[in-house]
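Below is one structure; the comments refer to it alone.
The values are calculated or read from the model by the stated rules, or taken from the named source; none is laboratory data. Computed from a predicted model, the values in this text were never measured in an experiment. Virtual Cβ from ideal backbone geometry, glycine too; neighbours counted across all protein chains shown.
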Amino acid sequence: MNKNIKLAVAGAVLALGATAANAGIVIPAGDWTLDVNGNVNTYANWTRYSGSATAITGGINGVRQTNENTTQGINTGLLPAWLGFTGKTRQNDLDVEFTISMQPNVSDQGGAVHGDSSTPLNRQAYLSFGDKSWGSIKLGKDIGIFASDAILNDMTLLGVGAGAANSGAATTLGGIGTGYIYAAWKGQIAYTTPNMNGFQATLGITNPNQIASDSTTRTQFQDRFGLEGKASYSFAANDVTGKVWVSGASYDVTYNAARNSYTAGVVDIGATVNVAGFGLTGYYYNGAGVGTTLLGNEGTNGSGAKRDSDGGYVQATYILPTKTKLGVAYGISNLDRASGETTTNLVKENERWTAGLYHPLTKHLNLVAEYNDVKARDNEGDRNKARTASLGAILFF
């Protein structure tokens, strides 16, 4: 896993009471130091649907069926199973690094395929170079810059969150779509400053076609790269540690054959604080034309008029004397109709409550139990509801 994800996962495991290192399996190889790292996680999920029997456009839940309202599945959680290879070396006064990773599934959709249809994801393939005196440059595919801290501070990164659905899905949603927009995995060229007494910033260009497809047909010939950036400040004083961050993204979108276009933009702010076993995280985002759940999903109406959206989540955790972390979280993502729009079946809000227990059975192995209550509501008042109980484990190496 890349440095940000490894640090976030290590921090999450440390918060559970285990002593996890940032490195995986380290292998010296001539001028290089190789790091083989990753995780395997699996959860049994039980979901019950209720509410409207009609699907909501942009809603993240399935719908109640006439003869069957429950489903079970065995899946990975928000974090997919992961196998990453990182190589590092110091050459000509530069720290040089590469990372390549793949993310296999732990189950397949349906029984007819006999467990042979899953194709691994490939979320990372990048190189970087730099020096602590002036920063670093990254080129390749990695997690997006905007909203990356939102997902990396979500406690369901070690669990399931929303979107358990049927067996076979590659990952669940965690808090994606119920509190933050998915950072996604993007081709990018980015510069990160050196760490200046806790302050650090990243600016980058990304592949321009990052806007998700929706109910509007788009001809995506973009006029510029996507722009993303973030700044953060990390602090530690006595028993208090924490981080404050802001980030943003801007994309140009061409949405029809006449090459009409608009600019989708979004900003966010978040903070997390830990003291004496207690943890508190708060996050908020606001955008226009970026839609909900995935960047650009339902961001405009059929005429190309932008829809406003916002949302956020709050999360509180406490480490019990047994080293078990107890966590509760609430998140919501709102989508407004465009000016004068009368669409009724469009999602108005996706909302989630999560309660979780995360217990470090060993240094690297954590047992997880979660309960998620997720609601999607449209502009007519119809609701789709999903309540999911999850039990499983996640192993880091």
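Looking only at the range 51-83, count every residue that is surrounded by fewer than 16 Cβ atoms within 10 Å (Cβ to Cβ), assigned to a strand (DSSP E or B) and in contact with a Lys or Arg (Cβ under 9 Å, 6 or more places away or on another chain) and tell me the total.
The qualifying residues number 1.
Testing Ala184 on (1) modelled with pLDDT of 95 or more; (2) on the phi > 0 side of the Ramachandran plot, one condition comes back false. Which one is that?
Going through (1) modelled with pLDDT of 95 or more; (2) on the phi > 0 side of the Ramachandran plot one by one, Ala184 breaks only (1).
Would you please name the residue that is modelled with the lowest pLDDT, looking only at residues in the range 111-130 that are touching a Ser or Thr at 6+ places or on another chain (Cβ under 8 Å) and surrounded by fewer than 13 Cβ atoms within 10 Å (Cβ to Cβ)?
Only one residue fits best here, namely Gly115.
Regarding the range 280-288, can at least one residue be identified that is assigned to a strand (DSSP E or B), of a type outside the set (Val, Ile, Thr), farther than 20 Å from Asn153 by Cβ and in contact (Cβ under 8 Å) with a residue 12 or more places away in the chain?
yes
With the requirement that a residue be closer than 17 Å to Leu157 by Cα and either in contact with a helix residue (DSSP H, G or I) (Cβ under 7 Å, 6 or more places away or on another chain) or modelled with pLDDT of 95 or more (or both), what does the range 78-93 give you?
Residues satisfying the conditions are Leu78, Leu79.
Scan Thr171, Thr178, Thr156 and give me the residue that is of a type in the set (Ser, Thr, Tyr), closer than 30 Å to Ser390 by Cα, surrounded by 19 or more Cβ atoms within 10 Å (Cβ to Cβ) and modelled with pLDDT under 90.
Step by step, each of Thr171, Thr178, Thr156 is checked, and only Thr171 is of a type in the set (Ser, Thr, Tyr), closer than 30 Å to Ser390 by Cα, surrounded by 19 or more Cβ atoms within 10 Å (Cβ to Cβ) and modelled with pLDDT under 90.
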